[in-house]
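Asker: Take this structure first; my questions come after.
The values are calculated or read from the model by the stated rules, or taken from the named source; none is laboratory data. A quick note: this is a predicted structure, and the numbers were derived from the prediction, not measured. All Cβ positions, even for glycine, are placed from backbone atoms using ideal geometry, and neighbour counts span all protein chains on display.
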Amino acid sequence: MIEKIKNADLKELEKIAAETRKKMVETVSKRGGHLASSLGTVELTIALLKVFDLPKDKVIWDVGHQSYAYKMLTDRSENFDTLRTLGGISGFPKISESKYDFFGTGHGGTSISAGLGMREAMRMKNDASKVISVIGDGAITSGLALEAMNNVDRFGRNTITILNDNDMFISTSVGALSKWFSRKLSGQKYSTARTEIKQLISKLPPIFHGDKIVDIIRKTINSSKSLLTPGILFEGFGYQYVGPIDGHNIEELVETLQDLKHNNEPVLLHIHTMKGKGYRFAEENPRKFHGIAPFDIKTGEIKKPSSPSFTGYLTDYLPRLFRRHSNLVAITAAMPDGTGLWKLQETYPSRVFDVGMSEGHAVTFASGLAAGGLRPIVAIYSTFLQRAFDNIVHDVALQNLPVVFLTDRAGLVGEDGATHHGLFDLAYFRMIPNMTVMAPRDESEMARMIEFSLTLHSPVAIRYPRGSGSGKRASNRLTPLKSCTGELLKTGKDKIMIIGAGITTIFALEAAEKLEKAGISPFVYDLKFVKPLPDELSKLIKKHGITRIVTVEDGIASGGAGSAVLEKLSELKMNIPCTVLGVKDTFSTHGTQKELRRIEGIDAESIVEAVAEIISAQN
């Protein structure tokens with residue numbers, strides 16, 4: 001396909017763009033995925049493949065939400081229908097998947113740093129090839145991207161940064177930089193003026209072409225555009241700023257990239273695109289189609305509406321909580337929709353802070369709010385919150401500030417795969433002094449944990465999974481959990497106890513039901529508190545004469561809930577064998593949550609097998 005693109009004329013390239021969009025919509029309608037972003041970069045992808053010599057030249061897609069067309073047009077078109085399925089194509093760039101995926105991405109703001117490093121490695125090998133980093137208007141405002149740009153002047157030769165500006169982050173643009181990228185300043189008005197001036201220059205008599213007067217006109221355009229667009233900012237970092245140009249005009253993209261290809265100095269090309277381009281429903285509602293479940297192409301409606309989820313429960317519960325507590329505030333990092341804060345934001349706009357794609361800042365900002373006497377709730381996906389580990393340690397926990405971390409998408413998230421699994425939060429929260437760590441088995445219990453956290457004067461982390469829960473409606477008032485108390489859900493006849501943490505407690509109950517039918521009767525205990533462990537646990541173990549324990553958690557086994565139980569048993573000199581079920585030293589892969597939980601050995605069937613093996617060994 002790359003060779004076909006290189007030899008194609010404009011009409012053929014536009015046909016390839018239309019066919020790519022059609023196949024993309026068809027596939028995502030069946031598999032789900034990040035559609036709107038990828039629809040917006042079809043023409044850019046085609047232009048990059050036509051102008052540059054891949055894999056000699058390198059293209060790095062920031063975050064990776066916009067890389068579907070790139071996957072199709074490199075070497076994965078025939079297998080694209082396996083997108084985000086177990087054993088199929090990843091929804092994000094992945095080095096092990098293709099020689100054209102030069103850097104794995106899934107978190108925002110990484111492409112410029114990675115590009116500079118890659119380009120420096122190439123320089124040391126006397127390779128003058130190009131490195132092109134494609135970054136969105138949301139990711140470029142992240143701290144990491146700004147740190148990288150601060151090094152462009154030193155390491156940026158033979159690099160091109162393409163700013164894909166669709167005037168929208170995952171939800172809506174926030175912050176000063178996003179306002180600077182507004183189309184009111186840098187879009188249609190400048191593009192129209194640029195076109196008119198080009199037409200004027202082309203009409204000059206041939207005698208003037210190449211003359212100093214034309215150079216003066218061009219230089220005047222370049223200097224004036226820096227005052228009207230973000231160019232002055234990027235040129236301050238050491239870039240040569242070009243644009244903004246229409247990101248859906250293949251001819252202009254190819255022409256511009258061909259000019260830039262021969263420029264050795266660091267360049268930033270600013271393009272404007274439309275998120276969801278080419279599919280009406282995605283154009284009209286790009287937020288919905290940012291990350292979408294399987295849908296009906298004709299109507300744009302999700303085929304199988306999901307059951308009420310933990311996040312959905314929060315959407316209804318938090319406004320009621322905020323009504324009762326005037327000192328509560330909430331912080332999100334560019335994801336009010338994904339974390340369930342959108343209704344709270346509409347109800348109490350002055351008490352919800354969207355700080356953009358800046359997780360570290362979100363946490364330290366929350367610590368400042370807490371130090372100022374407020375009670376901040378920080379709602380961030382587990383995989384993204386790990387980017388703010390030092391801020392949690394240094395700015396929150398060290399000062400023992402009462403910040404509540406609602407850690408969404410904890411555990412195996414499913415089709416988004418390794419970059420988005422929230423496997424490490426239990427382990428890294430557990431090691432931090434002053435931190436209380438809880439894991440609810442259902443949505444109602446999550447709300448009770450939030451209520452309990454407000455009675456503490458120290459940091460709290462509450463982690464919960466992606467997807468459906470029990471579907472219980474939020475009530476106006478819930479009884480808070482008692483301090484550090486778990487729950488014995490089932491008393492057994494055999495001296496074996498299954499201990500669940502969070503959603504895996506549901507799996508433990510399912511396993512116990514299956515074991516009962518096989519003549520094995522285990523105890524089932526819901527840990528609730530991973531740190532500190534409930535004091536009653538050791539008492540229950542002694543009281544019932546438990547001789548074997550199986551723990552199960554939806555996260556990395558090393559350092560998690562099972563480790564906490566083992567450490568406590570050792571501390572109390574209780575010599576009881578303990579089998580820890582959890583994700584074993586891997587980032588896991590992509591597939592449905594059900595498939596992955598089976599593969600990683602944490603589903604009900606895996607628990608049954610572990611208990612049966614223990615019983616068999618005892619006999």
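Asker: Just checking, which of S326, S358, S350 is at pLDDT below 95 and either among the hydroxyl-bearing types (S, T, Y) or out of contact with any helix residue (DSSP H, G or I) (no Cβ under 6 Å at 6 or more places or on another chain) (or both)? Steps first, please.
Answerer: Working: S326 fails: at pLDDT below 95; S350 fails: at pLDDT below 95.
The match here is S358.
Asker: How many residues are over 16 Å from D165 (Cβ atoms) and surrounded by fewer than 17 Cβ atoms within 10 Å (Cβ to Cβ) when one looks only at the stretch 233-255?
Answerer: The first filter runs over the stretch 233-255 and keeps only residues over 16 Å from D165 (Cβ atoms), leaving 235-238, 240, 250-251, 254-255.
When the remaining residues are screened for being surrounded by fewer than 17 Cβ atoms within 10 Å (Cβ to Cβ), the result is 235-236, 251, 255.
Matching residues across the stretch 233-255 total 4.
Asker: For D153, indicate whether it is of a type in the set (D, E, K, R), assigned by TED's automatic domain parsing to the domain that holds T74 and touching a Gly at 6+ places or on another chain (Cβ under 7 Å).
Answerer: Values: of a type in the set (D, E, K, R): yes; assigned by TED's automatic domain parsing to the domain that holds T74: yes; touching a Gly at 6+ places or on another chain (Cβ under 7 Å): yes.
Spelling it out, D153 is indeed of a type in the set (D, E, K, R), assigned by TED's automatic domain parsing to the domain that holds T74 and touching a Gly at 6+ places or on another chain (Cβ under 7 Å).
Asker: OK, next. Of the residues that make up the stretch 85-92, is at least one under 21 Å from G136 (Cα atoms) and touching a helix residue (DSSP H, G or I) at 6+ places or on another chain (Cβ under 9 Å)? Please lay out each step first, then the result.
Answerer: First, the residues of the stretch 85-92 that are under 21 Å from G136 (Cα atoms): 90-92.
Remaining after also requiring touching a helix residue (DSSP H, G or I) at 6+ places or on another chain (Cβ under 9 Å): 90-91.
The answer is yes, given that some residue of the stretch 85-92 is under 21 Å from G136 (Cα atoms) and touching a helix residue (DSSP H, G or I) at 6+ places or on another chain (Cβ under 9 Å).
Asker: I want to confirm something. Restricting to the stretch 91-125 and keeping residues that are closer than 26 Å to K6 by Cα and of a type in the set (G, A, S), which single residue is surrounded by the fewest Cβ atoms within 10 Å (Cβ to Cβ)?
Answerer: Taking the candidates together, the pick is S96.
Asker: Something else now. Take D9 and tell me if it is in contact (Cβ under 8 Å) with a residue 60 or more places away in the chain, assigned by TED's automatic domain parsing to the domain that holds K277 and of a type outside the set (S, T, N, Q).
Answerer: Numbers: in contact (Cβ under 8 Å) with a residue 60 or more places away in the chain: no; assigned by TED's automatic domain parsing to the domain that holds K277: yes; of a type outside the set (S, T, N, Q): yes.
So D9 does not fit the description; no.
Asker: Now for a separate question. Which condition breaks for T273 when tested against (1) among the hydroxyl-bearing types (S, T, Y); (2) closer than 29 Å to D337 by Cβ; (3) over 23 Å from the mean Cα position of the chain (by Cα)?
Answerer: The failed condition is (3).
Table: residues versus (1) within 26 Å of L83 (Cβ to Cβ); (2) crowded, with 23+ Cβ neighbours inside 10 Å; (3) touching a residue at least 60 places away in the same chain (Cβ under 8 Å).
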site: D296; (1), (2), (3): yes, no, yes
site: S309; (1), (2), (3): yes, no, yes
site: Y313; (1), (2), (3): no, yes, yes
site: P319; (1), (2), (3): no, no, no
site: H325; (1), (2), (3): no, no, yes
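Asker: Might you check whether a residue that is within 27 Å of the chain's Cα centre (by Cα), crowded, with 24+ Cβ neighbours inside 10 Å and outside any loop (DSSP other than H, G, I, E, B) occurs anywhere in the stretch 11-26?
Answerer: Looking for residues that are within 27 Å of the chain's Cα centre (by Cα), crowded, with 24+ Cβ neighbours inside 10 Å and outside any loop (DSSP other than H, G, I, E, B), one finds at least one in the stretch 11-26, hence yes.
Asker: A further question follows. Among what's in the stretch 77-132 and is assigned to a helix (DSSP H, G or I) and of a type in the set (K, R), pick the residue that is nearest to T159 (Cα to Cα). Full working, then the answer.
Answerer: Of all residues in the stretch 77-132, those assigned to a helix (DSSP H, G or I) come to 80-82, 111-124.
Within this subset, residues satisfying the condition of being of a type in the set (K, R) are 119, 123.
Values: R119: 7, R123: 11 Å.
By that ranking, first place goes to R119.
Asker: A follow-up question, please. Name the helices (runs of 4 or more DSSP H) wholly inside the stretch 510-619 in which the number of residues that are of a type in the set (A, V, I, L, M) and buried (at least 18 other Cβ atoms within 10 Å of the Cβ) is 3 or more.
Answerer: Values: elements: 536-543, 561-571, 593-599, 604-618.
Qualifying helices (runs of 4 or more DSSP H): 561-571, 604-618.
Asker: What are the residues in the stretch 27-53 that are outside any helix (DSSP H, G or I) and either more than 21 Å from G291 (Cα to Cα) or of a type in the set (F, W, Y) (or both), if any? Walk me through how you get there before you give the answer.
Answerer: Initially, the stretch 27-53 is screened for residues outside any helix (DSSP H, G or I), giving 32-34, 40-41, 52-53.
Within the stretch 27-53, F52, D53 meet the criteria.
Asker: Out of (1) touching a helix residue (DSSP H, G or I) at 6+ places or on another chain (Cβ under 7 Å); (2) under 30 Å from K30 (Cβ atoms); (3) not acidic (D, E), the odd one out for S96 is which?
Answerer: Unmet for S96, out of (1) touching a helix residue (DSSP H, G or I) at 6+ places or on another chain (Cβ under 7 Å); (2) under 30 Å from K30 (Cβ atoms); (3) not acidic (D, E): (1).
Asker: Got at least one residue in the stretch 67-76 being in a loop (DSSP other than H, G, I, E, B) and in contact (Cβ under 8 Å) with a residue 40 or more places away in the chain? Give the derivation first.
Answerer: Applying the first criterion (in a loop (DSSP other than H, G, I, E, B)) to the stretch 67-76 yields 67.
Retained after the next criterion (residues that are in contact (Cβ under 8 Å) with a residue 40 or more places away in the chain): none.
No, the stretch 67-76 contains no residue that is in a loop (DSSP other than H, G, I, E, B) and in contact (Cβ under 8 Å) with a residue 40 or more places away in the chain.
Asker: Still on this structure: Would you point out the residue of the stretch 256-287, among those that are basic (K, R) and touching a residue at least 40 places away in the same chain (Cβ under 8 Å), that is surrounded by the fewest Cβ atoms within 10 Å (Cβ to Cβ)?
Answerer: We begin by selecting, within the stretch 256-287, every residue basic (K, R); these are 261, 275, 277, 280, 287.
Filter again for touching a residue at least 40 places away in the same chain (Cβ under 8 Å), leaving 261, 275, 277, 287.
Working: K261: 16, K275: 26, K277: 21, R287: 19.
Only one residue tops the list, namely K261.
Asker: Now for a separate question. Check whether at least one residue in the stretch 498-515 is of a type in the set (A, V, I, L, M, F, W, C) and over 34 Å from the mean Cα position of the chain (by Cα), and report yes or no. Before you say what the answer is, go through the steps one by one.
Answerer: Residues of the stretch 498-515 of a type in the set (A, V, I, L, M, F, W, C): 498-499, 501, 503, 506-509, 511-512, 515.
Narrowing the set further to residues that are over 34 Å from the mean Cα position of the chain (by Cα) leaves 512, 515.
Yes, the conditions are met somewhere in the stretch 498-515.
Conditions (1) in the same structural domain as L406 (by TED's automatic domain parsing); (2) touching a helix residue (DSSP H, G or I) at 6+ places or on another chain (Cβ under 6 Å), marked per residue:
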| residue | (1), (2) |
| --- | --- |
| H420 | yes, yes |
| D425 | yes, yes |
| H457 | yes, no |
| L478 | no, yes |
| T491 | no, no |
| G500 | no, yes |
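Asker: May I pose another question? Might you let me know whether the stretch 134-143 holds any residue that is at pLDDT 95 or above, not β-branched (V, I, T) and not in a loop (DSSP other than H, G, I, E, B)?
Answerer: No, the conditions are met nowhere in the stretch 134-143.
Asker: With the requirement that a residue be more than 30 Å from L83 (Cα to Cα), part of a helix (DSSP H, G or I), of a type in the set (A, V, I, L, M, F, W, C) and in contact (Cβ under 8 Å) with a residue 60 or more places away in the chain, what does the stretch 392-445 give you?
Answerer: I392, V396, A397, A427, F429
Asker: Test R154 against the criterion of being among the basic types (K, R), modelled with pLDDT under 95, over 25 Å from the mean Cα position of the chain (by Cα) and not in a loop (DSSP other than H, G, I, E, B), and give yes or no. Break it down stepwise before answering.
Answerer: On the way: among the basic types (K, R): yes; modelled with pLDDT under 95: yes; over 25 Å from the mean Cα position of the chain (by Cα): yes; not in a loop (DSSP other than H, G, I, E, B): yes.
Yes: the conditions hold for R154.
Asker: Output yes when any residue across the stretch 72-85 is buried (at least 20 other Cβ atoms within 10 Å of the Cβ), of a type in the set (G, A, S) and over 18 Å from the mean Cα position of the chain (by Cα), and no when none is.
Answerer: no
Asker: Report, ordered by the first and then the second residue, all pairs with beta carbons closer than 7 Å, sequence separation of six or more or different chains, a first member in the stretch 369-384 that is buried (at least 24 other Cβ atoms within 10 Å of the Cβ), and a second member that is at pLDDT 95 or above and of a type in the set (F, W, Y).
Answerer: Close Cβ pairs (under 7 Å, with a partner that is at pLDDT 95 or above and of a type in the set (F, W, Y)) amount to V378/F405.
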